[in-house]
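K.L.:
Dropping a structure here in structure tokens format, bear with me for questions.
Laboratory data are not the source of any read-out in this text; all were calculated from the coordinates shown. No experiment lies behind these values; they were computed from the predicted model shown. All Cβ positions, even for glycine, are placed from backbone atoms using ideal geometry, and neighbour counts span all protein chains on display.
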Amino acid sequence: MEARKASALIVGGCRGIGAAIATRLAKDGFDIIATARAKSVDSDAVAAAVAAENRVFTLLTCDICNREQTRAALEPYLEGDLLPEVVVFNAGIALDNLFAFMDQEQWSRVIDTNLNGFYNSVQPFVFGMIARRRGRIIVITSASGQAGQAGQVNYSASKAALIGAVKALAREIGRKGILVNAVAPGVVDTSMTASLPMDKVLPLIPLNRVGTTAEVAGVVSFLAGSDSTYIHGQVIAVNGGLVI
Ligand SMILES: NC(=O)c1ccc[n+]([C@@H]2O[C@H](COP(=O)([O-])OP(=O)(O)OC[C@H]3O[C@@H](n4cnc5c(N)ncnc54)[C@H](OP(=O)(O)O)[C@@H]3O)[C@@H](O)[C@H]2O)c1
């Protein structure tokens, strides 16, 4: 019988950057557990891409703003053989507005998803990883969290908070053999950036182009793999020079 393969769980693993991460980690040999709020053509496409790599795909449906629902979906994977080797927190939203006009819903939904969602979906794994004394936690933050972005006070705050969380968690659990790092993309070609005015954005990027989801996934692959075993508590920027 074939030995069980290591698995990677991607929170928000069925669209955009998350879908690329799922596909890339499957190529790397991981079985994939991906969350989405619902099964869709996007999750079906990721399932097919993972199957094409002869890896097993499991879809978990949950809204990461809902702690109980998320906990229930993750429950079978929190310990024992099903505990993933790698947990990637990729889910996130942006609801942009100038701070002077930002309403409570724009503020709260972004913080709820990007920051509280991290607590709801990643914290449950930490105890099992500590017990096993092995694991990788990779968090997708943003150049906006590193440098700040006008019109994104809510989003920048949530992404900067994730950077703080990654650094603090790295200090807490490094000794337990768990590597914790962040990846900070700049402007990447997904639905999140589809309405940006590229004539104004591109001049800010020294490489003069947006990034691809595969370019972000490649860095996640590196952080999940065997060449990054001394990288810990770091924020790896993938931004074409947007933030230097
Ligand atoms: N695109 C960029 O330029 C860029 C730059 C820097 C950082 N990022 C970050 O990269 C990550 C992925 O962004 P993307 O561009 O790929 O965006 P996207 O295509 O809009 O995907 C957003 C992802 O977040 C998930 N999600 C959103 N709200 C959720 C909720 N309440 N519960 C569960 N899952 C939820 C979505 O899951 P569903 O399948 O359920 O919709 C989806 O997987 C985000 O954290 C984003 O902030 C993106």
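K.L.:
Counting other beta carbons within 10 Å of each Cβ, put Tyr119, Tyr230, Tyr155 in order, fewest first.
P.N.:
Working: Tyr119 14, Tyr230 6, Tyr155 24.
So the ranking, lowest neighbour count to highest, is Tyr230, Tyr119, Tyr155.
K.L.:
Which angle from 0 to 90°, rounded to the nearest 10, does the C-alpha axis of helix 153-173 make with the longest principal axis of the chain?
P.N.:
Result, in degrees: 30.
K.L.:
Calculate how many DSSP beta bridges within the chain are antiparallel, expressed in % of all such bridges and rounded to the nearest 5. Mind showing how you got there, number by number?
P.N.:
Details: 0 of 29 bridges.
Among the beta bridges of the chain, antiparallel pairing accounts for roughly 0 percent.
K.L.:
Could you order peptides 127-133, 216-222, 75-81 by the average number of other Cβ atoms within 10 Å of their residues, highest first?
P.N.:
Working: 127-133: 15.0, 216-222: 22.3, 75-81: 13.3.
Put in order of decreasing packing, that is 216-222, 127-133, 75-81.
K.L.:
Given only helices, namely DSSP H runs of n ≥ 4 each adding -39500 (n - 2.57), what is the per-residue ellipticity at 222 nm of the chain, to the nearest 500 deg cm²/dmol? Don't jump to the answer; show the numbers that get you there.
P.N.:
On the way: 9 runs with 98 residues, N = 244.
Theoretical 222 nm ellipticity from helices: -12000 deg cm²/dmol.
K.L.:
OK, next. Treating only the Cβ atoms of Lys and Arg (+1) and Asp and Glu (-1) as charged, compute the dipole magnitude of the chain about its Cα centre; round to the nearest 20 debye.
P.N.:
Numbers: 22 positive and 21 negative charges, 127 e Å.
Charge dipole, the chain, about its Cα centre: 600 debye, nearest 20.
K.L.:
Quick one: give the max-minus-min coordinate of the C-alpha atoms of the chain along each principal axis, largest first, in Å.
P.N.:
57, 37, 33
K.L.:
Specify the residue with the greatest mean-square fluctuation among Pro206, Pro197, Pro185, computed from a Gaussian network of the chain linking alpha-carbon atoms under 10 Å apart.
P.N.:
Checking each option, the largest mean-square fluctuation is seen for Pro197.
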